[in-house]
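Have a look at this one before I ask anything.
The values are calculated or read from the model by the stated rules, or taken from the named source; none is laboratory data. All values reported here derive from a predicted model rather than from experimental measurement. Counting neighbours? That spans all protein chains shown, and the Cβs are built from the backbone with ideal geometry, glycine included. The area values use the complete protein model at the heavy-atom level, side chains included, leaving out ligands, DNA and RNA. Shrake-Rupley method; radii C 1.70, N 1.55, O 1.52, S 1.80 Å.
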Amino acid sequence: MSIHPEAQDRNDRLKAINPAIAGALSPLGQRSFFPKGIPYQAGQSKGCAINATIGQITDGAGNPLPLAPMAEKLAGLNPKDAFLYSPIQGREPARKAWHDKLVKEDARMEAVGLPVVSAGICHALTMGAELFFGKGDTLVLADLYWDNYEQIFNIRLEGDFRRFPFYNAAMGFNVEGLRDCIAGIQGKVQVLLNFPSNPSGYSPTPLEMKAIADVLVDAAKDRTVVVYCDDAYHGLVFDEKATSKSLFFELIGRSPNLIPLKCDGVTKELSFFGGRVGFLSFGVDKASAAILVDKCMGLIRSGIGSPVAISQYLMELELADARHEGEFEKMRQVLGRRYEVLRKALDKPVPHWTVYPFNAGCFCLLELRPGLDADAIRQKLIAEESVGVVSHGDKYIRLAFCSMKEEAIQPLIDALERVCARN
């Protein structure tokens, strides 16, 4: 397929600034660009006295004409922010607010440009993959991973996985397994790492995180390395030995051949699951990042159109509120208490499963003893005990302590033990 002249312009500019990034683009990434269509032209006409560009219904002076039932429910919010289109790349205040939040967490974010807004974290991962991951490409990831990665990288983009064991013999993160897996791939390397992990609920120690970053930087000495940092559960850490820092911070500016992508958002960090606001940040020079944002805008325009404005606006209000950090800490402490109760409930030796180390996020993972089928156990828990859990593969059960009351945790473990004992 031929490449549009506008897309070729972006590719040529990117190649002049950063050949490694230009060379790492997938075929779709090469074809993508933000066209000079209606949203672009409407943006240029924003200050005009008469504006007949964009197809949103207004009073003729740029104000919305909302229907009364919705307007009444949203009384107190600025109608423009709630009812009018968001820019394709996301609202500027939302992008700045999220970037400022990350700068507070780590000053290295100062070198990173503003993120592009996505319709949730899954969409951020998908956009990053569409830019760099093509048909037949291989993704390196641990063997314990969120099942939706298969939908994104296998089903949608027709790629392959190269897996390594998540845990090493000491039941810490398997840094050497990551190194060996990368070494087995020729040419461009693409790695996806999710901390705190879904499904294991594990966040590395600071030393492990540094070692992981060093492996990725070392791999980028003589080839391009794209790293997808899935930070969906960022900040939800309950053990002082685990790091609450993002791997992304450790990769910024470490190598010209290293392309770190940070996928995060409001879902867990602001407990705003229905908001569907995510962010994709590029840990590369700002000039290159601006071109990648332009390409993302093309992907957004051809997919969801534009991100939801009101969710971004609510996020901006939350982050600007002086109570925010205290409110987040209260939420984290609620999860922390559930985490402690679950750890205590799992301290009792049980012959039916092995508990994998967990210290963060929303989950813990149990490996069932040989002879037990995880999905069969899951279904019997529903039918016999009115208990719902997730089966992960043939032998794992994932428990989401984030969605349970503290007093329900021990009964769940007791029910699981009964069902396993009967089988």
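To make sure I understand the rule: partners must be lysines, Cα under 18 Å from the Cα of Lys395, and not fewer than 8 residues away in the same chain. Which ones qualify?
Result set, ordered by chain and number: Lys380.
About the Cα centre of the chain, how large is the charge dipole given +1 on each Lys and Arg Cβ and -1 on each Asp and Glu Cβ? Please answer in debye to the nearest 20.
With only Lys, Arg, Asp and Glu charged at Cβ, the dipole is about 500 debye.
Taking a Cβ-Cβ separation under 4.7 Å as the criterion for a possible partner, which cysteines of the chain have none?
Cys48, Cys122, Cys181, Cys229, Cys263, Cys296, Cys364, Cys420
Taking a ≥ b ≥ c as the square roots of the eigenvalues of the Cα gyration tensor of the stretch 208-353, is the shape rounded (a/c under 1.5), prolate (a/b larger than b/c) or oblate?
The shape class here is oblate.
Something else about it: Is there a pair in Lys15/Lys36; Lys101/Lys210; Lys73/Lys286; Lys15/Lys262; Lys80/Lys135 whose C-alpha atoms are over 30 Å apart, and which pairs would that be?
Listed pairs above 30 Å: Lys73/Lys286; Lys80/Lys135.
Probe 1.4 Å, all protein chains in place: accessible area of Arg108 in Å², nearest 10?
Counting only protein heavy atoms, Arg108 exposes about 90 Å² to solvent.
Moving on to the next point. Out of all DSSP beta bridges in the stretch 178-328, what portion is antiparallel? Express it as a percent rounded to 5.
In the stretch 178-328, DSSP labels about 30 percent of beta bridges as antiparallel.
In addition: Sequence gap at least 6, Cα distance under 8 Å: using those rules, report the relative contact order of the stretch 292-423 to the nearest whole percent.
Dividing the mean separation by the residue count of the stretch 292-423 yields 23 percent.
How far, in degrees from 0 to 90, does helix 92-105 lean away from the longest principal axis of the Cα atoms of the chain, to the nearest 10?
40 degrees
What accessible surface, in Å², does a 1.4 Å probe find on Ile38, ignoring ligands, DNA and RNA and rounding to the nearest 10?
100 Å²
Whenever you get a sec, line up Leu368, Leu77 from highest to lowest accessible area (probe 1.4 Å, protein heavy atoms).
Leu77, Leu368
Whole Å is fine, so just give me how far the alpha carbon centre of the stretch 93-141 lies from that of the stretch 318-372.
26 Å
Mind checking the per residue accessible area of the chain for me, 1.4 Å probe, whole number of Å²?
45 Å²
Right, here's the next one. If you take the charge dipole of the chain about its Cα centre, with +1 on Lys and Arg Cβ and -1 on Asp and Glu Cβ, which of Gln8, Ala320, His123 is farthest toward its positive end?
Looking along the dipole axis, the top candidate is Gln8.
For the stretch 62-142, with the dipole built from +1 on Lys and Arg beta-carbon atoms and -1 on Asp and Glu ones, taken about the Cα centre, which of Asn78, Leu67, Ala97 lies farthest toward the positive end?
So the residue furthest toward the plus end is Leu67.
Counting helices only, and only those DSSP H runs with n ≥ 4, report the 222 nm mean residue ellipticity of the chain as the sum of -39,500 (n - 2.57) divided by its residues, in deg cm²/dmol to the nearest 500.
Roughly -12500 deg cm²/dmol at 222 nm, from the helical runs in the chain.
Then there's this: Among Gly274, Gly336, Leu28, whose Cα lies farthest out toward the positive end of the dipole of the chain, if unit charges sit on the beta carbon of Lys, Arg (+1) and Asp, Glu (-1)?
Final value for the positive-end residue is Leu28.
Carbon-plus-sulfur fraction of the accessible area of the chain, 1.4 Å probe, in percent?
53 percent
Considering only Met70, Met127, Met297, give the residue with the highest GNM mean-square fluctuation for the chain, with springs between Cα atoms whenever their separation is below 10 Å.
Met70
Against the longest principal axis of the chain, how steep is helix 5-17, in degrees 0 to 90 to the nearest 10, with axes from Cα atoms?
The answer is roughly 70 degrees.
What percentages make up the Cα-Cα pair-distance distribution of the stretch 151-287 when the bins are 5 Å wide from 0?
2, 9, 18, 23, 22, 16, 8, 2, 0
Bin all alpha-carbon pair distances of the stretch 368-420 at 5 Å intervals from 0 and give each bin's fraction as a whole percent.
All Cα pairs considered, the percentages come to 4, 21, 33, 26, 12, 3, 0.
Using only Cα atoms and rounding to the nearest 10 degrees, what angle (0 to 90) does helix 309-320 make with the longest principal axis of the chain?
With rounding to tens, the tilt is 70 degrees.
On to the next question. Please state the shape class of the stretch 1-108: rounded when a/c is under 1.5, otherwise prolate if a/b exceeds b/c and oblate if not, all from the C-alpha gyration tensor.
In terms of gyration-tensor shape, oblate.
If you stretched the chain out fully between Asp143 and Ala111, how much longer would it get, using 0.36 nm times the residue separation minus the C-alpha to C-alpha distance?
Additional length available on full extension: 8.3 nm.
Go through Lys101, Lys221, Lys286 and list them by solvent-accessible area, largest first, probe radius 1.4 Å.
These residues rank, largest area first, as Lys221, Lys286, Lys101.
Between Lys344 and Leu77, what is the label-point separation in nm under the 7 Å Cα-to-beta-carbon projection?
About 4.0 nm, to one decimal.
Right, something else. Taking a ≥ b ≥ c as the square roots of the eigenvalues of the Cα gyration tensor of the chain, is the shape rounded (a/c under 1.5), prolate (a/b larger than b/c) or oblate?
oblate
Then there is this: For the chain, what does the relative contact order come out to in percent, with C-alpha contacts under 8 Å and a separation of six or more?
18 percent
Students sometimes get this wrong: rank Glu150, Glu176 by accessible area, probe 1.4 Å, all chains present, largest first.
Ranking Glu150, Glu176 by accessible area, largest first, yields Glu176, Glu150.
What FRET efficiency comes out for Phe328 versus Gln186 if R0 is 51 angstrom and r is the Cβ-Cβ distance? Round to the nearest 0.05.
Once the sixth-power term is evaluated, E becomes 0.70.
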